[in-house]
Amino acid sequence: MPKELFGTDGIRGVPGTPPLDDGTLHRVGRALGHFLLEREAKPRVLIGMDTRESGPHIAEQIAGGLTEDGIAVSSAGVLTTPGVAYLVRAKGFSAGVVISASHNPYQDNGVKFFANTGMKFADKVEERLEQEILGPAPSLKTKHVAMYADSSLSHGYLDFLRSRAIAGANLAGMKLVLDCANGAASTLGPQLFRSLGAAVTAIHDRPDGRNINADCGSLHPEALRKVVLKTGAAMGVAFDGDADRAVFVSSTGRIVDGDGALFAAARYLKSAGQLKGARVVGTSMANLGLERALGAEGIALSRVPVGDRYVLEEMLRSGCNLGGEQSGHVIFLDDTTTGDGLLTAVKMVCLVALLGPLDDLVRDLKIFPQTIVNVTVRSKPPLDSLPEFVRAFDEATRALGEAGRVVVRYSGTEQKARVMVEAEREEDVARWAEALAVAIRSAIGA
């Protein structure tokens, strides 16, 4: 059954309005507490957040709901989403809650949940929580619980990240630029790489509650590129607000996204005899160039729907240990259970230290021209129920053949349809993307 509250990455909204109003947040805490009490007598929940000004209030409301039933709540304070996922698993918490809207602007926020395995809750668990959150309930006065961050938790996470550096990589004196997106990596990122010996220049590392992701970070790597070129750095890394993704800039200014990171990591792991199944898991959005470059290395690419949870599910099912998304979510399953921008950065920086410039690591990856057009829609009917769209889609796929791809899907967090077209020629990309966007607008455009 379709979920009403949960999208592809938890519950999203505007703080102070449903579903992020105080009453609903309190019920979120109650529902989570009831679910955990069905499974153990004394559950413990860890809460972390990014740097949005609304984060502390949301965390306190959820904690209020949890503590009504005696659930023990600990706060990690400002911490990355993957940091919470790691600590839940490593420290034996029953569940984790992250207050974040990832790469969205500060006006948005969200709530993500992690099971004691460090993995996101399964769809059926989210459905179970929804039933209670949205169902009838006695009138309760909401309350908040003051949260005091335990700094030892973030220290433990940093120790873990340092332990995952590739053996033999020497980062001493290596010049790095980190764009921290004024988010959760603002303190952790520079601390991590300085402790590994790198000479770090940090930008967008002064969060004020409202500047998270504002023209910076992984969605806007242009500022990072300028600083890398100006300082002569070996490379740059751009995180998003909750640091579960990372995008890179080479010493010559080439922007390397998640596809590039997957290619470089896959080739290294295969050469070291560590790539399980000679296969990488990507999504429908992975560039056709990645698939061809991996194939030339004897590595297969398995595609799944967009969303790191689906990447992880396929990795677990097939036994793969490397997967990720073009957006910069990369999962090193031998190390952790979720996409982690800081961990990915450690791996990529180590590869550059070991093997040479990032440009060389991705030289054999030829990216096909690609565009994504977002179309605001008033409803989300099945796309195959829209005759005009179906005609345009069939025409585009026939015209492109094996020289391109078309992927059209609805956003899981916004009222939009996303049209992705890639092809060998820029003119084909522009032509068919516009044709498909026009077909959608004429049928269901807002």
### Query
Taking the stretch 375-400 as the search range and keeping residues that are part of a helix (DSSP H, G or I) and polar (S, T, N, Q), which one is surrounded by the most Cβ atoms within 10 Å (Cβ to Cβ)?
Thr397
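Just checking, how many residues over the stretch 388-410 are over 23 Å from Glu291 (Cα atoms) and either of a type in the set (Asp, Glu) or free of Cβ contacts under 8 Å to residues at least 40 places away in the same chain (or both)?
4
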## Note on the structure
By my count, strands (runs of 3 or more DSSP E) wholly in the stretch 262-328 with at least 3 residues that are under 19 Å from the mean Cα position of the chain (by Cα) and not β-branched (Val, Ile, Thr) are 322-324
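Can you find even one residue in the stretch 330-350 that is surrounded by fewer than 16 Cβ atoms within 10 Å (Cβ to Cβ) and of a type in the set (A, V, I, L, M)?
There is no residue in the stretch 330-350 that is surrounded by fewer than 16 Cβ atoms within 10 Å (Cβ to Cβ) and of a type in the set (A, V, I, L, M).
Each row is one residue, and each column tells you yes or no for (1) in the same structural domain as Leu351 (by TED's automatic domain parsing); (2) free of Cβ contacts under 8 Å to residues at least 12 places away in the same chain; (3) closer than 22 Å to Ala85 by Cβ; (4) not hydroxyl-bearing (Ser, Thr, Tyr).
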site	(1), (2), (3), (4)
Pro221	yes, no, no, yes
Leu224	yes, no, no, yes
Gly241	yes, no, yes, yes
Tyr268	yes, no, no, no
Ser271	yes, yes, no, no
Gly277	yes, no, no, yes
Thr283	yes, no, yes, no
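This table checks each residue for (1) in contact with a Leu (Cβ under 6 Å, 6 or more places away or on another chain); (2) modelled with pLDDT of 95 or more; (3) assigned to a strand (DSSP E or B).
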position	(1), (2), (3)
Gly173	no, yes, no
Gly183	no, yes, no
Gly197	yes, yes, no
Gly209	no, yes, no
Ala214	no, yes, no
Leu224	no, yes, no
Leu229	no, yes, no
Gly236	yes, yes, yes
Gly253	yes, yes, no
### Message
Quick check on the stretch 222-231. Is at least one of its residues crowded, with 23+ Cβ neighbours inside 10 Å and under 21 Å from the mean Cα position of the chain (by Cα)?
### Response
yes
### Message
I need a count of the residues in the stretch 71-112 that are in contact with a helix residue (DSSP H, G or I) (Cβ under 7 Å, 6 or more places away or on another chain), among the hydroxyl-bearing types (Ser, Thr, Tyr) and either without any contact (Cβ under 8 Å) to a residue 24 or more places away in the chain or more than 19 Å from Leu32 (Cβ to Cβ) (or both).
### Response
2
### Task
Go through the stretch 412-429 and give me each residue that's part of a loop (DSSP other than H, G, I, E, B) and either under 13 Å from Met285 (Cα atoms) or more than 26 Å from the chain's Cα centre (by Cα) (or both).
Glu424, Arg425
### Query
Among the candidates Val408, Val429, which residue alone is in contact with a Pro (Cβ under 6 Å, 6 or more places away or on another chain), surrounded by 16 or more Cβ atoms within 10 Å (Cβ to Cβ) and of a type outside the set (D, E, K, R)?
Val429
### Query
Can you tell me which of Val111, Val98, Val88, Val84 is over 16 Å from the mean Cα position of the chain (by Cα) and buried (at least 22 other Cβ atoms within 10 Å of the Cβ)?
Val88
#### Entry: the stretch 397-425, residues that are of a type in the set (D, E, K, R) and touching a strand residue (DSSP E or B) at 6+ places or on another chain (Cβ under 9 Å)
Arg405, Arg409, Glu414, Lys416, Arg418, Glu422, Glu424, Arg425
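The values are calculated or read from the model by the stated rules, or taken from the named source; none is laboratory data. This one's a predicted model, so the numbers in the text were calculated from it and none came from an experiment. When we count neighbours, we look across all protein chains shown, and the Cβ atoms used for this are built from the backbone with ideal geometry, even at glycine.
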